[in-house]
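Sending over a structure as C-alpha cells; questions will come in a sec.
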C-alpha cells in the first residue's frame, strides 16, 4: 500500500516510554480501515487474502472486529497464518468492477513497556545454537534475509554504532530507534512498496515501511531476531482542527525478539517511540509481503485504482 | 534363446571387447571378468546377435519411439522443441534376491521423509529438538510459509535416484518429492524393450509393473476428501512446454484420469472444480506435476501462469487431496541428508536401511571446514538450486577459489557430497556394447506409513564413456530395469490399460480439450482448403505455361482472391507456383505452415485422448511440415501437396477410429464442418466479386476442382457446366456429400448431439443453424445463374450465411470453452 502516513503532530512525548504498571487502565482505541479497488473493466472472479484483524497480544486486547466486503463474498474463511496472525481468505464469484473491504476494530492497549528492563547485554538475546535446540522456536523464522529485506555489511555496521559490545539491549534499542529517526528523512512519496532497501539507505529517506524494513535488516545483520509489524497509530488533530475521518493511514514499525519472558519488543522509528497504547498491532511477519493489509488476484478487471482510508480514534472507557 | 546349458565360454567371448573401467562395479561381469549368474541367459542372447543385429535393435527402438511420439524435451534444443526420448533396448538386470532389501530401505526412507514433511509444516519437533537445523529449512526456497500450520497430507509419491558403489552397495543420491517424474517412462520402456527384444527373451520372468500403477492409483484415490468412493482425479501439468509433458499425457491416459492445466481448474468455496464442456465438476485429488511455488498466484509466486488462485486454501481446508502436497519440495533439499540417520533412530527407532551418499552441509562449522579442504574430491551442490552441481575436480584453480568464496559468503546454501564411482552396465552404442555408468530411479507410492515400491525403475546411463553426469538434459539414455523372477512372465504389464479404471470416475472432457480439438480441426480444414485451392491454381497455371492462352492467365487472376483469403501478404499477378509455395511455407501468421503448426500444437495439448498407436499420423504430419519449411526453396508445390493431403486424410481416419464422439470426436467434427462451409462460402463470394463474364466456364471448372467435385459434377451433368449446374451441385445438392447443404446437415446432427436437454427445445446454436438451413433449402440456384446482378445476389446471400455461421461459432465458444480472463494482481 503506497499511502502516505501522517506523523503525529502533537501530544506525543517521550513520557510514553515510561513503564506502564499492569494495573493501569488500558487505552481504548477504535480503528476503521476501508480499502477500495476500482477496476477499469469488469472482473469475473476475485480471490483475496487480508490481514486486518488486530493481533491478540498480552499487551493488546481485541474487543471487537468486523470485516465487511462488497460485493459480498461467496466464501470467507478466517484462520491463523504461519506467524499467528489472523488472516481472511475470500472469494467473489460474480462480476464486479469495484471491491471494497471495510474493517472495524476496537482494542485496548497497554502503555509502552519499560525497555530499561532489558538490561542484559544485547548479544545474549540472540537466538542460541546453530541447531536451534537451545533457541526460541518463535524467533527462528526472523533471523534470515528475505527478498524484501536483504542484509548488507553497511547496515550491520550502522547498527553497531549503537549496538556496542556488551551494551544492555534496552538502551541500545532506544539509541538505535532514535538514530534512524534522526538520520532518515520522512518523505511521503519518495518510495513505494517495491523500492529496494539500498535506495532507502542511499537517500536516507522513505516512509514507515522503509524504516521498519531497514531496522529489521540492521538487527538481523547483527544476529538478533527482528520482525516487521503492521498496524495503526493514533494521531491527533492540529490544535483548533477537528480530526478528519479517513485521514490516518496504516503504519509499520519493527520488533525484536527478547526471549520468551519479554516476547516481541516493538519500536517505531518513524516517530521515535516505543510502541505503547497509541499503536494498534495488526500483524507480525518477516517483511511487508508476509502480511499486507489486503492482497489478491482477479480474473479480468485490467488496470485498477486503489484508495485507502484509515481512522483511528480514542474511545472513552 | 539358449537354454540353461548355455556355453559360458561363448558368453565370455562376447565380453571380450567389453572393458568396464577399473575400480567400479560392473552389473554384468565381476572383477574377474566372469559373467554374473543372473546375466548368463541374457548374455547368451546378446552373443547370438552379430553387430548388424545389435544395431538393428537400436534402430528398431528408435523407430518405435518415434512412431509413438515418445518425447523428452530438451530446453533450448537447437533441433526444435520436441525430441524423441532416448531408450537403450538392453535392460539393466537385477537379481531377485537383491530386491527385498532395496525395497525395505526405500520404503523406510519414504516413511521418514513423509513424517518429516508433516512435522516441518506442523509441530516442527525436528527443529525444536535440534534434529534438523532451523537454517536449513527456513532458508530453503521450497519451505512455503502459507502452508505452515495447515493440513498437510503424507507424501504419496516418492522417487529416489540410486547408484551402486564399487563395493556393490546401493546408495541414495537424490530424493524426488516435488512431483516425481519417470514412472510413465518406465512403462513405455517396458513396452518398447519387450517388443524390440521380442520372443528371444520371452522365457525371462520379470517382476511386473502393472500392480504398482494400481497401487499408485489406490493411494492417490485415498486422498479424496471424505474418503469418497468414486473420486475424480486429475493430473496437473504445466503444459506442452514441459520437458516431460509426454509422460503427463501418457500417465493420464494409462491411469484413466483427466489431464489438466492450471486454467482448467477453478477454486470455489475452497473446493477445486474442473471446467468441463458440460459444467464445473468437482476434483477430489490432484496429482501435482507443477512445482509448489507456481501453484497459486494468490498465496505463492504472484508471477506464475501455471497455478490456480485459492489452491493453497483448498489444500489447507482439506477440500482437495494433493499428491504430493504443496510444500513437499522442501524435502529435496540435499542438506537434509546428514540428519536423516539420527531422525530415523529418533522417530522410527531404526537405523537407516539404505545409506545415502555422504553429505556435508556447509551451514555447520566442522562440515564446512571439511568441504572447503576437500573440494577436489567432492561434488558440490546448492540446496536451493537443484541443477547447480559441480564436480570439484573439474574446476580450475580460479573456479575453486571462487567456489570457496561463495561457500564462505553463504555457507548454508552449499553441501559437499562424496564422489561415488557409479557402477557400469552394457549400453548399446551403435553396433557394440560398451560399459556406461548408471543411475537407477526407483518409484514408490504410499500413505505415509506403508509404501509400495515399483519393482525395477528407470535406469539412466551417461551418453559418454567415463561420464558420471547422468541426465536426460545432458543427452543421457534410459533403460528398462528387470528385477528377475524365477517364475511368472512379463506379460502382465499389458493388462494395465484394461484393468486400471476400477472404481474411479471416468475422465471428464475438459473445456480445454474440446476447445483444442475444435481449433485443431479448424486449422487442419483451413490448410486443406488452401492446399486444394493452390493445386487447382497450379493445374490451371501449367495449362497456361503449356499453351500460352490469354484466357488461362485471366482465370488465374480471377482465382487469386481465393488464395488471398488464406495467405497473408499480397501476391503478384499470376504468381508462379514457386512464389505461391514460398508464401505458403513462410512462418507468418495465416500461412499454411503456421496453420498446420497451430493444429499440431492443439493436438499435443490433448494428447492424452489419443491412443498411442494412432499418434504416428501426427508425428508424420509434423515431420512433413517441418521438412517442407526447411526446404521451402527447393520443394515443388506438387511434391508438397499430395503427401500433406495424405497425412491429413490419415489424421481424419485415425481420429474417427480412435476418438469417440463423447470423448472429443464431436468437437473435431464440429470444427471441421464449420470451417469447411465457411471456406466454401467465402471462396464463392470472393469469386463472384471478380468474375469476368465469358471466362465463367473455366473459373467454375477450377472451383469444382478445388472442392473435389469435378468428377461428381460430370457424373451428374455430363459435359454440361454452367452457373446453374455448379451452384446447384456445390450449394444445394443434398446428394453431393461435399455440398454446402450436406455439410450443414451433418453439422445439424452434431449440434443436436451437444444439446443436453432436447426435450426443452433447440439450443441457440441449433436455432442459428436451422435458420441458415431453411434459407438454403428455400433457395433456387436459378436465381444466381441469370443476368449480371445474380452473382451479386449470391455473394450477398453467402456473405450473410457466413456471418450467421460465425455467430454460431461464437455461441459455441461462449457456452463450452474456458474463457479464462487474464489474471490481474491487486496493486499494493
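Nothing in this text is a laboratory measurement; each read-out follows from the coordinates by a stated rule. If you're wondering where the values come from, they're calculated on a predicted model, not measured in any experiment. With ideal geometry, Cβ positions are generated from the backbone for all residues, glycine too; neighbour counts draw on all protein chains shown.
So, R0 is 41 Å and r is the distance between the beta-carbons of residue B:301 and residue B:631; what FRET efficiency does that work out to, to 0.05?
Efficiency for this residue pair is about 0.45.
How many percent of all Cα-Cα pairs in the range B:205-263 sit more than 20 Å apart?
35 percent
With each pseudo-label sitting 7 Å past Cα toward Cβ, what's the residue B:125-residue B:486 distance in nm, one decimal?
4.2 nm
Report, in degrees rounded to the nearest 10, the 0 to 90 angle that the Cα long axis of helix A:169-183 makes with the longest principal axis of chain A.
Helix A:169-183 sits roughly 60 degrees off the main axis of chain A.
Please state, rounded to one decimal and in Å, the Kirkwood hydrodynamic radius that the range B:322-453 gives when every pair of distinct Cα atoms enters the mean of 1/r.
Result for the range B:322-453 stands at 17.3 Å.
Relative to the longest principal Cα axis of chain B, at what angle does helix B:637-658 sit, 0 to 90 degrees, rounded to 10?
Around 70 degrees separate the two axes.
In Å and from the alpha-carbon atoms only, list the Rg and Dmax of the range B:579-718.
17.6, 54
Just to be sure I understand the model, the point goes 7 Å from the Cα along the line to the Cβ. What's the resulting residue A:40 to residue B:350 distance in nm?
Output for this residue pair reads 6.0 nm.
What do you get for the angle between helix B:740-754 and the principal long axis of chain B? Use alpha-carbon atoms, 0 to 90 degrees, nearest ten.
40 degrees
Residue A:98 to residue B:205: FRET efficiency via 1/(1 + (r/R0)^6), r the Cβ-Cβ distance, R0 60 Å, to the nearest 0.05?
0.30
Shape verdict for the range B:506-649, please, from the Cα gyration tensor: rounded (a/c under 1.5), prolate (a/b greater than b/c) or oblate.
Values: a/c = 2.70, a/b = 2.21, b/c = 1.22.
Note, shape of the range B:506-649 comes out prolate.
Okay, next question. For chain A, calculate the relative contact order in percent as a whole number, restricting contacts to Cα pairs under 8 Å that are 6 or more residues apart.
31 percent
Could you quote the convex hull projected area for the range A:48-163, Cα atoms only and averaged over all directions, in nm²?
Quarter of the Cα hull surface area: 11.4 nm².
Evaluate the range A:204-246: find the radius of gyration of its Cα atoms, find its Kirkwood radius, and give the ratio Rg to Rh.
1.19
For the pair residue B:408 and residue B:649, how long in nm is the line joining their label points, each one 7 Å along Cα→Cβ?
7.4 nm
If each Cα of chain A is one equal point scatterer, what is log10 of I(q)/I(0) from the Debye formula at q = 0.10, 0.14 Å⁻¹?
Debye output, listed in q order: -0.57, -1.11.
For chain B, just the Cα atoms, rotate onto the principal axes and tell me the three extents in Å, largest first.
98, 66, 57
For B:709, A:109, A:218, B:295, which order do you get if you count the other beta carbons within 10 Å of each Cβ and list the fewest first?
Ascending Cβ contact count within 10 Å gives the list B:709, A:109, B:295, A:218.
Let me check I have the definition right: for the range B:580-639, take the eigenvalues of the Cα gyration tensor, multiply each by 5, take square roots. What are those semi-axes in whole Å, largest first? Provide the component values of the computation, followed by the final result.
Details: eigenvalues 118, 34, 9 Å².
Ellipsoid half-lengths, sorted descending, are 24, 13, 7 Å.
Based on DSSP H runs of at least 4 residues, each adding -39500 (n - 2.57), what is the mean residue ellipticity at 222 nm of the protein assembly as shown after dividing by all its residues, to the nearest 500 deg cm²/dmol?
Value at 222 nm, helices only: -11500 deg cm²/dmol.
I want the antiparallel fraction of DSSP beta bridges within chain B, as a percent rounded to 5.
Working: 53 of 70 bridges.
The antiparallel fraction comes to roughly 75 percent.
Now a separate question. Using the 10 angstrom Cβ neighbour count as an exposure proxy, how do B:28, B:305, B:322 rank, fewest first?
Going from sparsest to densest Cβ surroundings: B:305, B:322, B:28.
Can you put B:559, B:347, A:140 in order of Cβ neighbours within 10 angstrom, beginning with the fewest?
Values: B:559 26, B:347 16, A:140 21.
Taking fewest neighbouring Cβ atoms as first place, the list is B:347, A:140, B:559.
Rounded, prolate or oblate for the range B:607-661? Axes are the square roots of the Cα gyration tensor eigenvalues, ordered a ≥ b ≥ c, and the cut-off for rounded is a/c under 1.5. Walk me through the numbers on the way to the answer.
Working: a/c = 4.23, a/b = 2.22, b/c = 1.91.
Note, shape of the range B:607-661 comes out prolate.
Which whole-number percent is the relative contact order of the range B:235-298 (Cα, under 8 Å, 6+ apart)?
So the answer I get is 34 percent.
Pop out the Kirkwood hydrodynamic radius of the protein assembly as shown from its pairwise C-alpha distances, inverse of mean 1/r, in Å to one decimal.
One decimal place: 34.3 Å for the Kirkwood radius.
Expressed in nm to one decimal, what extension gain is obtained for the pair residue B:661 and residue B:36 from 0.36 nm per residue of sequence separation less their Cα-Cα distance? Walk me through the intermediate numbers first.
Numbers: separation 625, 0.36 × 625 = 225.00 nm, distance 5.40 nm.
Additional length available on full extension: 219.6 nm.
Right, another one. What length, rounded to one decimal in nm, is gained on full extension from residue B:693 through to residue B:230, with 0.36 nm per residue of separation minus their alpha-carbon distance?
159.9 nm
Restricting to Cα pairs below 8 Å that are 6+ residues apart, what does the relative contact order work out to for chain B? Please round to a whole percent.
Once normalised by length, the contact order is 15 percent.
Please provide three numbers in whole Å: the alpha-carbon extents of the range B:340-411 along the principal axes, with the largest listed first.
46, 22, 21
Rounded to the nearest 0.05, what FRET efficiency do residue B:167 and residue B:818 have when you use their Cβ-Cβ distance and R0 = 51 Å?
Computed FRET efficiency for residue B:167 and residue B:818 comes out at 0.35.
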